[in-house]
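The values are calculated or read from the model by the stated rules, or taken from the named source; none is laboratory data. Just so we're clear, the structure is a prediction, and the values are computed from it rather than from any experiment. Cβ placement follows ideal geometry from the backbone for every residue including glycine, while neighbour counts extend to all protein chains displayed.
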Amino acid sequence: MLTLKQFHSQLADGTLASARHIQLSDSLTEFPQALYALADSLEVLDLSGNQLTQLPGDLTRFKKLRILFASGNPFTELPAVLGQMPALEMVGFKACRIEHVPANSLPPRLRWLILTDNRLQTLPDTLGQCPRLQKLMLSCNQLRSLPSSLAQCQKLELLRIASNQFEQLPEVIFELPALAWLAMAGNPMTQKSELQVLESPALELIFYQNLQIHELLGQGASGHIYRASHGNQSLALKLFKAAHTSDGTPQSELAAGLAIGQHPQLLTPLAQVLGAPDGQLATALPLLDASMQPLAGPPSFDSCTRDVYGAEQKFSPFAAQRLLQAMQSALTQLHVRGVLHGDFYAHNILWNAATGDAMLSDFGAAAMTEALPKAQVAQLQQIELRALRHLHQEIQTRTV
């Protein structure tokens with residue numbers, strides 16, 4: 001990440017000659033004109049965390065720009081100039097103040113659109129004119145519907161509509177033949193079920209002051225995880241760190257995890273933790289052995305919706321069969337308990353390469369379905385089983 005002064009300095013001394021990736025954050029209120037010196041080479045531009053409200057009309061000079069991030073800026077609408085960008089594939093305007101997406105603002109080659117945590121109430125019909133769209137992230141807005149034209153996005157595989165104002169599922173969702181990952185919790189259609197779990201008198205509770213907190217074990221999009229002790233019991237403590245994530249809210253994640261119950265192939269909460277600092281939501285989880293590691297890495301900019309495996313990663317037939325049977329069992333438990341995982345990916349599967357033990361984790365995109373029509377629940381489960389089929393294919397192609 002560069003300040004404007006550092007950028008000018010490195011541009012002048014030639015360090016940034018023909019640069020392809022620039023990250024610039026310095027409370028900018030205007031687009032830096034000096035960036036045009038890289039118009040012929042720049043492919044990735046990250047202007048997140050500034051004070052920008054618009055982009056210049058001649059941004060089209062960046063003919064090779066594929067990825068643009070401008071999250072955390074006070075934009076009130078998606079800049080229309082983006083629709084004229086010939087190579088732009090990934091657009092990220094998370095946590096801005098966007099209320100309007102102009103019909104002509106969507107790039108023709110768009111694959112990945114992030115508009116999480118804005119103020120959107122509607123989306124343009126031109127969304128359906130993005131045939132390459134694979135990933136659409138709209139959580140934490142004020143949407144009540146999706147444009148029917150979205151059905152034309154036949155390659156759409158991942159959709160995030162959690163924490164909006166949906167009172168029922170848009171039927172267009174079931175017209176998307178490639179959809180495999182759907183986050184939809186925290187809407188009026190699911191909130192009653194979530195509250196019933198969180199307010200249940202039978203809910204297991206642990207008080208933060210009764211915990212001994214040890215070292216930080218790791219962190220993700222929604223929280224920090226620490227090793228902790230409760231009496232003689234060792235466990236993991238998850239402190240949620242944000243009100244909104246790309247998948248939804250901590251309340252929805254906690255409710256879904258508690259609703260699932262315990263299962264040997266699911267890393268679900270043991271109890272809710274009350275009294276955490278600053279009013280943070282917190283949960284207690286089983287403490288796993290350090291040998292349990294993610295099965296794969298999350299999707300890259302290029303892979304978009306598909307996980308990234310190690311170049312030399314292979315599975316024996318026995319390990320592959322054991323892993324896939326474990327994940328089939330995990331999904332069955334989820335669906336029986338009226339929960340969708342929403343993010344059924346290899347990077348959310350923890351496994352021991354030596355023993356083949358595996359657990360499905362991370363319920364940040366999980367949703368409760370018991371209040372939905374039974375026919376829709378069956379369709380939603382089929383969407384999630386599509387994700388399971390992707391996992392089967394990924395494992396089988398690496399089985400030797």
On the given criteria, is residue 362 among the charged types (D, E, K, R), farther than 30 Å from residue 109 by Cβ, more than 18 Å from the chain's Cα centre (by Cα) and not in a helix (DSSP H, G or I)? no
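Rundown of residues vs (1) exposed (fewer than 14 other Cβ atoms within 10 Å of the Cβ); (2) closer than 17 Å to residue 89 by Cα; (3) among the aromatic types (Phe, Trp, Tyr), yes/no style:
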site	(1), (2), (3)
2	no, no, no
13	yes, no, no
18	yes, no, no
24	no, no, no
44	no, yes, no
60	no, yes, no
Which is at pLDDT 95 or above and out of contact with any Phe, Trp or Tyr (no Cβ under 7 Å at 6 or more places or on another chain), of 329, 316? 329
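To keep it simple, each residue is scored yes or no on (1) small (Gly, Ala, Ser); (2) crowded, with 17+ Cβ neighbours inside 10 Å; (3) closer than 24 Å to residue 329 by Cα.
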| residue | (1), (2), (3) |
| --- | --- |
| 223 | yes, yes, no |
| 226 | no, yes, no |
| 245 | no, yes, no |
| 262 | no, no, yes |
| 273 | no, yes, no |
| 284 | yes, yes, yes |
| 289 | no, no, yes |
| 292 | no, yes, yes |
| 300 | yes, no, no |
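Please work out if residue 129 is at pLDDT 95 or above and in contact with a Lys or Arg (Cβ under 7 Å, 6 or more places away or on another chain).
Details: at pLDDT 95 or above: yes; in contact with a Lys or Arg (Cβ under 7 Å, 6 or more places away or on another chain): no.
Criteria not met by residue 129.
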Residue 303 is checked against (1) outside the structural domain of residue 223 (by TED's automatic domain parsing); (2) closer than 17 Å to residue 218 by Cα and fails just one. What number does that condition carry? (2)
When restricted to 152, 165, the only residue farther than 17 Å from residue 121 by Cβ and free of Cβ contacts under 8 Å to residues at least 60 places away in the same chain is 152
Residue check, residue 253 at pLDDT below 95, more than 30 Å from residue 208 (Cβ to Cβ) and of a type outside the set (Lys, Arg): no
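Counting only residues that are of a type in the set (Val, Ile, Thr) and under 19 Å from the mean Cα position of the chain (by Cα), which one in segment 234-273 is farthest from residue 220 (Cα to Cα)?
That would be 268.
Looking at segment 336-350, can you tell me whether even one residue there is assigned to a loop (DSSP other than H, G, I, E, B), within 24 Å of residue 201 (Cα to Cα) and touching a Ser or Thr at 6+ places or on another chain (Cβ under 7 Å)?
In the first step, residues of segment 336-350 are kept if they are assigned to a loop (DSSP other than H, G, I, E, B); the result is 337-338, 341-345.
Keeping just the survivors that are within 24 Å of residue 201 (Cα to Cα) gives 337-338.
Narrowing further to those that are touching a Ser or Thr at 6+ places or on another chain (Cβ under 7 Å): 338.
Yes: segment 336-350 contains one or more residues that are assigned to a loop (DSSP other than H, G, I, E, B), within 24 Å of residue 201 (Cα to Cα) and touching a Ser or Thr at 6+ places or on another chain (Cβ under 7 Å).
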Could you list, in sequence order, all residues of segment 1-34 that are hydroxyl-bearing (Ser, Thr, Tyr) and closer than 21 Å to residue 79 by Cβ? 25, 27, 29
Scanning segment 356-390 for residues that are among the acidic types (Asp, Glu) and within 15 Å of residue 327 (Cβ to Cβ) gives 357, 362, 384
Take the residues of segment 285-303 that are of a type in the set (A, V, I, L, M, F, W, C) and modelled with pLDDT of 95 or more: which is farthest from residue 88 (Cα to Cα)? 295
Would it be correct to say that residue 202 is assigned to a loop (DSSP other than H, G, I, E, B) and at pLDDT below 95? yes
